[in-house]
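The values are calculated or read from the model by the stated rules, or taken from the named source; none is laboratory data. Only a predicted model underlies this, so the values are computations on that prediction, with no experimental measurement involved. Note that each Cβ is placed from the backbone with ideal geometry, even for glycine, and that neighbours are counted across all protein chains shown. Areas reflect the complete protein model, heavy atoms only, side chains present, ligands, DNA and RNA absent. Shrake-Rupley method; radii C 1.70, N 1.55, O 1.52, S 1.80 Å.
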Amino acid sequence: MKIIRTTRSMTAWSEGLRGEGVTIGFVPTMGALHDGHRSLIRAARLRCDALVVSIFINPTQFSPTEDLSRYPRPIAHDRALCREEGADVCFEPTAAAMYPEGFQTTLAVPLLARRWEGAARPHHFAGVATVVTKLFGMVRPHLALFGQKDYQQASLIRRLVSDLNLGVAILVRPTVREKDGLAMSSRNVFLSPDERRIAPLLSAALRAGEQMIRSGTDDVAAIERTMRQTVEQAPAIQIEYLAVCDPDSLEPLSVVAARAVLLGAIRIGPIRLIDNLLVKMPGRKVLNQGFRLKAEGGFDDLGFKQK
Ligand code: PAF
(Lines give C-alpha, C1' and ligand atoms only; values in the text may rest on other atoms or scores of the structure.)
Protein backbone atom coordinates (compact mmCIF):
# COMPACT_ATOMS: atom_id res chain seq x y z
CA MET A 1 0.00 0.00 0.00
CA LYS A 2 1.31 3.42 -0.99
CA ILE A 3 1.08 6.33 1.42
CA ILE A 4 0.53 9.53 -0.55
CA ARG A 5 0.73 12.91 1.14
CA THR A 6 0.73 15.48 -1.62
CA THR A 7 -2.30 16.39 -3.66
CA ARG A 8 -0.20 16.50 -6.83
CA SER A 9 1.02 12.88 -6.40
CA MET A 10 -2.50 11.75 -5.53
CA THR A 11 -4.00 13.23 -8.69
CA ALA A 12 -1.13 11.98 -10.85
CA TRP A 13 -1.62 8.41 -9.51
CA SER A 14 -5.36 8.50 -10.20
CA GLU A 15 -5.10 10.13 -13.60
CA GLY A 16 -2.57 7.49 -14.68
CA LEU A 17 -4.97 4.69 -13.76
CA ARG A 18 -8.04 6.40 -15.20
CA GLY A 19 -6.19 6.65 -18.50
CA GLU A 20 -5.79 2.86 -18.46
CA GLY A 21 -9.52 2.35 -17.83
CA VAL A 22 -9.06 1.31 -14.18
CA THR A 23 -12.07 1.93 -11.89
CA ILE A 24 -11.13 3.85 -8.74
CA GLY A 25 -13.07 3.42 -5.49
CA PHE A 26 -12.72 5.94 -2.66
CA VAL A 27 -13.51 5.90 1.06
CA PRO A 28 -12.95 9.33 2.66
CA THR A 29 -12.38 9.18 6.43
CA MET A 30 -11.05 11.18 9.34
CA GLY A 31 -9.18 8.14 10.64
CA ALA A 32 -9.80 6.37 13.98
CA LEU A 33 -11.05 3.57 11.76
CA HIS A 34 -13.48 1.00 13.13
CA ASP A 35 -15.56 -1.84 11.70
CA GLY A 36 -17.95 0.66 10.09
CA HIS A 37 -15.08 2.00 7.97
CA ARG A 38 -13.85 -1.53 7.40
CA SER A 39 -17.19 -2.49 5.85
CA LEU A 40 -17.02 0.54 3.52
CA ILE A 41 -13.46 -0.32 2.47
CA ARG A 42 -14.45 -3.95 1.84
CA ALA A 43 -17.48 -2.90 -0.19
CA ALA A 44 -15.29 -0.58 -2.28
CA ARG A 45 -12.67 -3.30 -2.79
CA LEU A 46 -15.35 -5.64 -4.17
CA ARG A 47 -16.59 -3.07 -6.65
CA CYS A 48 -13.47 -1.31 -7.96
CA ASP A 49 -10.08 -2.18 -9.48
CA ALA A 50 -8.14 0.34 -7.38
CA LEU A 51 -8.93 1.62 -3.91
CA VAL A 52 -8.01 4.84 -2.11
CA VAL A 53 -8.77 5.56 1.56
CA SER A 54 -8.14 9.11 2.74
CA ILE A 55 -7.34 10.02 6.32
CA PHE A 56 -7.74 13.72 6.97
CA ILE A 57 -9.14 15.29 10.14
CA ASN A 58 -10.86 18.22 8.52
CA PRO A 59 -10.58 21.29 10.77
CA THR A 60 -13.31 23.24 8.96
CA GLN A 61 -16.07 20.84 9.97
CA PHE A 62 -15.37 21.33 13.70
CA SER A 63 -16.88 24.32 15.52
CA PRO A 64 -14.72 26.40 17.87
CA THR A 65 -16.39 24.68 20.86
CA GLU A 66 -15.57 21.18 19.57
CA ASP A 67 -12.20 19.88 20.55
CA LEU A 68 -10.33 19.14 17.35
CA SER A 69 -7.14 18.39 19.26
CA ARG A 70 -8.88 15.58 21.18
CA TYR A 71 -9.96 13.76 18.01
CA PRO A 72 -8.31 10.30 18.12
CA ARG A 73 -5.33 9.84 15.76
CA PRO A 74 -4.27 6.15 15.83
CA ILE A 75 -2.43 6.40 12.51
CA ALA A 76 -0.47 3.11 12.79
CA HIS A 77 -3.69 1.20 13.51
CA ASP A 78 -5.51 3.00 10.66
CA ARG A 79 -2.83 2.24 8.10
CA ALA A 80 -2.73 -1.40 9.21
CA LEU A 81 -6.51 -1.68 8.76
CA CYS A 82 -6.32 -0.12 5.27
CA ARG A 83 -3.50 -2.49 4.33
CA GLU A 84 -5.40 -5.51 5.71
CA GLU A 85 -8.47 -4.61 3.65
CA GLY A 86 -6.49 -4.24 0.45
CA ALA A 87 -6.37 -0.47 -0.05
CA ASP A 88 -3.88 0.53 -2.75
CA VAL A 89 -3.37 4.04 -1.42
CA CYS A 90 -3.75 5.70 1.96
CA PHE A 91 -4.03 9.41 1.13
CA GLU A 92 -2.95 11.57 4.07
CA PRO A 93 -2.85 15.20 2.98
CA THR A 94 -1.71 17.86 5.47
CA ALA A 95 -3.99 20.69 6.60
CA ALA A 96 -1.59 23.16 4.94
CA ALA A 97 -1.91 21.35 1.61
CA MET A 98 -5.68 21.22 1.87
CA TYR A 99 -6.11 24.81 2.99
CA PRO A 100 -3.14 26.82 1.73
CA GLU A 101 -2.87 30.51 2.50
CA GLY A 102 -5.51 32.45 0.62
CA PHE A 103 -8.00 29.59 0.55
CA GLN A 104 -11.50 31.06 0.68
CA THR A 105 -14.04 28.98 -1.25
CA THR A 106 -16.77 27.11 0.62
CA LEU A 107 -19.81 25.19 -0.56
CA ALA A 108 -23.26 25.30 0.96
CA VAL A 109 -26.17 22.90 0.59
CA PRO A 110 -28.54 25.12 2.53
CA LEU A 111 -31.84 23.23 2.67
CA LEU A 112 -30.41 19.84 3.54
CA ALA A 113 -28.04 21.40 6.06
CA ARG A 114 -30.43 23.66 7.93
CA ARG A 115 -31.94 21.20 10.43
CA TRP A 116 -30.67 18.48 12.79
CA GLU A 117 -26.87 18.27 12.71
CA GLY A 118 -26.72 21.53 10.77
CA ALA A 119 -28.73 23.36 13.46
CA ALA A 120 -26.54 22.01 16.26
CA ARG A 121 -23.27 22.54 14.35
CA PRO A 122 -23.77 25.56 12.04
CA HIS A 123 -20.50 25.40 10.05
CA HIS A 124 -20.24 21.64 9.98
CA PHE A 125 -21.82 20.83 6.62
CA ALA A 126 -20.12 23.66 4.72
CA GLY A 127 -16.86 22.14 5.97
CA VAL A 128 -17.91 18.62 4.93
CA ALA A 129 -19.23 19.69 1.50
CA THR A 130 -16.07 21.65 0.75
CA VAL A 131 -13.58 19.02 1.88
CA VAL A 132 -15.40 16.16 0.14
CA THR A 133 -15.48 18.14 -3.11
CA LYS A 134 -11.78 18.91 -2.76
CA LEU A 135 -10.97 15.26 -2.03
CA PHE A 136 -12.98 14.18 -5.09
CA GLY A 137 -10.96 16.68 -7.16
CA MET A 138 -7.69 15.21 -5.87
CA VAL A 139 -8.56 11.50 -5.86
CA ARG A 140 -10.77 11.58 -9.00
CA PRO A 141 -12.73 8.44 -7.98
CA HIS A 142 -15.42 6.74 -10.03
CA LEU A 143 -17.24 5.52 -6.90
CA ALA A 144 -17.18 6.92 -3.34
CA LEU A 145 -18.65 5.21 -0.30
CA PHE A 146 -20.21 6.72 2.82
CA GLY A 147 -21.88 5.23 5.89
CA GLN A 148 -25.59 5.57 6.58
CA LYS A 149 -24.70 6.37 10.21
CA ASP A 150 -24.21 10.00 9.04
CA TYR A 151 -27.49 10.06 7.15
CA GLN A 152 -27.70 13.83 6.73
CA GLN A 153 -24.09 13.98 5.53
CA ALA A 154 -24.75 11.24 2.96
CA SER A 155 -27.92 12.99 1.70
CA LEU A 156 -26.06 16.25 1.34
CA ILE A 157 -23.16 14.65 -0.54
CA ARG A 158 -25.56 12.96 -2.95
CA ARG A 159 -27.24 16.30 -3.58
CA LEU A 160 -23.92 18.10 -4.02
CA VAL A 161 -22.57 15.55 -6.49
CA SER A 162 -25.75 15.76 -8.53
CA ASP A 163 -26.04 19.57 -8.39
CA LEU A 164 -22.41 20.15 -9.38
CA ASN A 165 -22.17 17.26 -11.88
CA LEU A 166 -19.11 15.92 -10.08
CA GLY A 167 -19.32 12.62 -11.95
CA VAL A 168 -18.74 10.40 -8.91
CA ALA A 169 -21.21 7.60 -8.10
CA ILE A 170 -22.14 7.62 -4.40
CA LEU A 171 -22.90 4.43 -2.50
CA VAL A 172 -24.30 4.66 1.03
CA ARG A 173 -23.78 1.49 3.08
CA PRO A 174 -25.72 0.35 6.18
CA THR A 175 -24.63 1.37 9.67
CA VAL A 176 -22.44 -1.20 11.43
CA ARG A 177 -23.49 -1.76 15.04
CA GLU A 178 -22.13 -3.23 18.24
CA LYS A 179 -23.97 -6.33 19.54
CA ASP A 180 -26.17 -4.16 21.78
CA GLY A 181 -27.23 -1.92 18.88
CA LEU A 182 -24.91 1.06 19.45
CA ALA A 183 -23.87 2.48 16.08
CA MET A 184 -20.10 2.30 15.61
CA SER A 185 -18.46 5.70 15.84
CA SER A 186 -15.00 7.07 16.47
CA ARG A 187 -16.49 8.92 19.45
CA ASN A 188 -17.55 5.77 21.29
CA VAL A 189 -14.03 5.40 22.75
CA PHE A 190 -14.67 8.53 24.83
CA LEU A 191 -17.64 6.97 26.69
CA SER A 192 -17.00 5.91 30.29
CA PRO A 193 -18.23 2.39 31.23
CA ASP A 194 -21.44 3.89 32.73
CA GLU A 195 -22.02 6.06 29.66
CA ARG A 196 -21.31 3.15 27.33
CA ARG A 197 -23.96 1.09 29.19
CA ILE A 198 -26.76 3.60 28.47
CA ALA A 199 -25.62 4.69 24.97
CA PRO A 200 -27.58 1.90 23.16
CA LEU A 201 -30.84 3.54 24.32
CA LEU A 202 -30.57 5.78 21.23
CA SER A 203 -30.77 2.86 18.81
CA ALA A 204 -33.40 1.21 21.05
CA ALA A 205 -35.53 4.37 20.73
CA LEU A 206 -35.24 4.34 16.94
CA ARG A 207 -36.18 0.66 16.85
CA ALA A 208 -39.21 1.36 19.07
CA GLY A 209 -40.26 4.07 16.59
CA GLU A 210 -39.73 1.71 13.67
CA GLN A 211 -41.79 -0.97 15.41
CA MET A 212 -44.72 1.46 15.80
CA ILE A 213 -44.59 2.37 12.10
CA ARG A 214 -44.44 -1.27 11.09
CA SER A 215 -47.44 -2.09 13.26
CA GLY A 216 -49.50 0.58 11.53
CA THR A 217 -49.06 3.80 13.54
CA ASP A 218 -48.73 6.83 11.31
CA ASP A 219 -49.09 9.42 14.08
CA VAL A 220 -45.69 11.12 14.19
CA ALA A 221 -46.29 12.78 17.58
CA ALA A 222 -46.99 9.37 19.15
CA ILE A 223 -43.91 7.83 17.55
CA GLU A 224 -41.68 10.68 18.74
CA ARG A 225 -43.16 10.41 22.25
CA THR A 226 -42.32 6.70 22.40
CA MET A 227 -38.78 7.34 21.18
CA ARG A 228 -38.30 10.03 23.85
CA GLN A 229 -39.68 7.81 26.61
CA THR A 230 -37.22 5.07 25.64
CA VAL A 231 -34.22 7.39 25.94
CA GLU A 232 -35.55 9.05 29.10
CA GLN A 233 -35.09 5.76 30.95
CA ALA A 234 -31.58 7.09 31.57
CA PRO A 235 -31.73 10.55 33.19
CA ALA A 236 -28.05 11.10 32.33
CA ILE A 237 -28.96 11.38 28.64
CA GLN A 238 -29.96 14.70 27.11
CA ILE A 239 -32.02 14.46 23.95
CA GLU A 240 -31.09 16.88 21.17
CA TYR A 241 -33.63 15.60 18.69
CA LEU A 242 -35.64 12.49 17.89
CA ALA A 243 -37.59 13.08 14.71
CA VAL A 244 -39.57 11.34 12.00
CA CYS A 245 -38.57 12.83 8.64
CA ASP A 246 -38.90 12.57 4.91
CA PRO A 247 -35.88 10.47 3.83
CA ASP A 248 -35.06 12.74 0.89
CA SER A 249 -35.70 16.31 2.06
CA LEU A 250 -35.10 15.54 5.78
CA GLU A 251 -38.07 17.77 6.59
CA PRO A 252 -40.21 16.61 9.55
CA LEU A 253 -43.23 14.53 8.56
CA SER A 254 -46.63 15.03 10.11
CA VAL A 255 -47.95 11.66 8.95
CA VAL A 256 -45.87 8.60 8.05
CA ALA A 257 -46.54 7.27 4.56
CA ALA A 258 -44.42 4.79 2.61
CA ARG A 259 -40.96 5.91 3.69
CA ALA A 260 -39.52 7.70 6.66
CA VAL A 261 -36.18 8.19 8.30
CA LEU A 262 -35.99 8.30 12.09
CA LEU A 263 -33.19 10.65 13.10
CA GLY A 264 -31.76 10.98 16.60
CA ALA A 265 -29.02 12.83 18.46
CA ILE A 266 -28.28 12.63 22.17
CA ARG A 267 -25.66 13.91 24.54
CA ILE A 268 -24.18 11.82 27.32
CA GLY A 269 -21.97 14.17 29.32
CA PRO A 270 -19.72 15.84 26.75
CA ILE A 271 -20.20 13.14 24.11
CA ARG A 272 -22.66 13.65 21.30
CA LEU A 273 -24.03 10.54 19.55
CA ILE A 274 -26.18 10.35 16.43
CA ASP A 275 -28.04 7.51 14.78
CA ASN A 276 -30.87 6.88 12.32
CA LEU A 277 -33.14 4.19 10.87
CA LEU A 278 -34.67 4.20 7.43
CA VAL A 279 -38.15 2.66 7.37
CA LYS A 280 -39.70 1.59 4.09
CA MET A 281 -43.26 0.31 4.05
CA PRO A 282 -44.08 -1.55 0.84
CA GLY A 283 -47.67 -1.14 -0.13
CA ARG A 284 -48.17 2.26 1.53
CA LYS A 285 -48.81 5.32 -0.57
CA VAL A 286 -45.73 7.46 -1.35
CA LEU A 287 -46.74 11.00 -0.38
CA ASN A 288 -43.54 12.81 -1.17
CA GLN A 289 -40.80 11.61 -3.49
CA GLY A 290 -38.79 14.75 -2.73
CA PHE A 291 -35.54 14.76 -4.60
CA ARG A 292 -34.58 11.14 -4.38
CA LEU A 293 -31.53 10.54 -6.55
CA LYS A 294 -30.92 7.61 -8.84
CA ALA A 295 -27.63 5.74 -9.08
CA GLU A 296 -25.44 7.51 -11.60
CA GLY A 297 -22.15 7.32 -13.45
CA GLY A 298 -22.41 3.79 -14.87
CA PHE A 299 -22.92 2.16 -11.44
CA ASP A 300 -26.11 0.39 -10.42
CA ASP A 301 -28.00 0.89 -7.12
CA LEU A 302 -25.63 -1.49 -5.32
CA GLY A 303 -22.55 0.32 -6.59
CA PHE A 304 -21.51 -2.30 -9.14
CA LYS A 305 -20.29 -1.18 -12.53
CA GLN A 306 -22.99 -1.64 -15.14
CA LYS A 307 -21.96 -3.82 -18.05
O1 PAF B 1 -17.63 11.20 7.78
C2 PAF B 1 -16.47 11.63 7.91
O3 PAF B 1 -15.59 10.95 8.42
C4 PAF B 1 -16.14 13.03 7.41
O5 PAF B 1 -17.21 13.90 7.59
C6 PAF B 1 -15.65 13.06 5.95
C7 PAF B 1 -16.74 12.60 4.99
C8 PAF B 1 -14.42 12.18 5.79
C9 PAF B 1 -15.28 14.49 5.55
O10 PAF B 1 -14.26 15.00 6.36
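So which residues in region 42-61 are within 21 Å of Met184 (Cα to Cα), in a helix (DSSP H, G or I) and free of Cβ contacts under 8 Å to residues at least 60 places away in the same chain? The answer is Arg42, Arg45. If the condition is being more than 14 Å from the ligand (Cβ to nearest atom) and within 18 Å of the chain's Cα centre (by Cα), then region 45-98 contributes no residue at all.
For region 27-59, taking the residues that are among the β-branched types (Val, Ile, Thr) and out of contact with any Ser or Thr (no Cβ under 8 Å at 6 or more places or on another chain), the one that is most open to solvent (accessible area, probe 1.4 Å) is identified as Ile57. Residues of region 245-272 that are of a type in the set (Val, Ile, Thr) and either in contact with a Pro (Cβ under 7 Å, 6 or more places away or on another chain) or at positive phi (or both): Val261 alone. Within region 5-26, being within 16 Å of the ligand (Cβ to nearest atom) and either within 21 Å of Thr175 (Cα to Cα) or open to solvent by 10 Å² or more (accessible area, probe 1.4 Å) (or both) holds for Thr7, Gly25, Phe26. If I filter region 158-167 for residues that are within 14 Å of the ligand (Cβ to nearest atom), in contact with a Pro (Cβ under 7 Å, 6 or more places away or on another chain) and in contact (Cβ under 8 Å) with a residue 60 or more places away in the chain, do I get at least one hit? No, because not a single residue in region 158-167 is within 14 Å of the ligand (Cβ to nearest atom), in contact with a Pro (Cβ under 7 Å, 6 or more places away or on another chain) and in contact (Cβ under 8 Å) with a residue 60 or more places away in the chain. Filtered by the rule that a residue be open to solvent by less than 30 Å² (accessible area, probe 1.4 Å) and assigned to a loop (DSSP other than H, G, I, E, B), region 140-174 gives Pro141, Val168. In region 62-83, the residues that are of a type in the set (A, V, I, L, M, F, W, C) form Cβ pairs under 6 Å with partners that are outside any helix (DSSP H, G or I), at six or more places apart or across chains, as follows: Leu68/Phe62; Leu81/Leu33; Cys82/Val53; Cys82/Cys90.
Every residue in region 106-116 that is open to solvent by 10 Å² or more (accessible area, probe 1.4 Å) and either more than 13 Å from the ligand (Cβ to nearest atom) or in a helix (DSSP H, G or I) (or both), please. Correct list: Thr106, Ala108, Val109, Pro110, Leu111, Ala113, Arg114, Arg115, Trp116. Can Glu101 be described as out of contact with any strand residue (DSSP E or B) (no Cβ under 6 Å at 6 or more places or on another chain), free of Cβ contacts under 8 Å to residues at least 24 places away in the same chain and under 18 Å from Ala32 (Cβ atoms)? The answer is no for Glu101. For the structure I just gave you, tell me whether Ser14 is out of contact with any helix residue (DSSP H, G or I) (no Cβ under 7 Å at 6 or more places or on another chain) and among the hydroxyl-bearing types (Ser, Thr, Tyr). Criteria not met by Ser14. Among the conditions (1) open to solvent by 70 Å² or more (accessible area, probe 1.4 Å); (2) at pLDDT below 95, Met281 misses just one, which is (1). Of the residues in region 124-136, none is assigned to a loop (DSSP other than H, G, I, E, B) and open to solvent by 20 Å² or more (accessible area, probe 1.4 Å). Answer with yes or no whether His77 is surrounded by fewer than 17 Cβ atoms within 10 Å (Cβ to Cβ) and modelled with pLDDT of 95 or more. Yes. Within region 81-93, is there a residue that is part of a loop (DSSP other than H, G, I, E, B), open to solvent by less than 70 Å² (accessible area, probe 1.4 Å) and within 26 Å of Ala126 (Cβ to Cβ)? So far as region 81-93 goes, yes, one or more of its residues are part of a loop (DSSP other than H, G, I, E, B), open to solvent by less than 70 Å² (accessible area, probe 1.4 Å) and within 26 Å of Ala126 (Cβ to Cβ).
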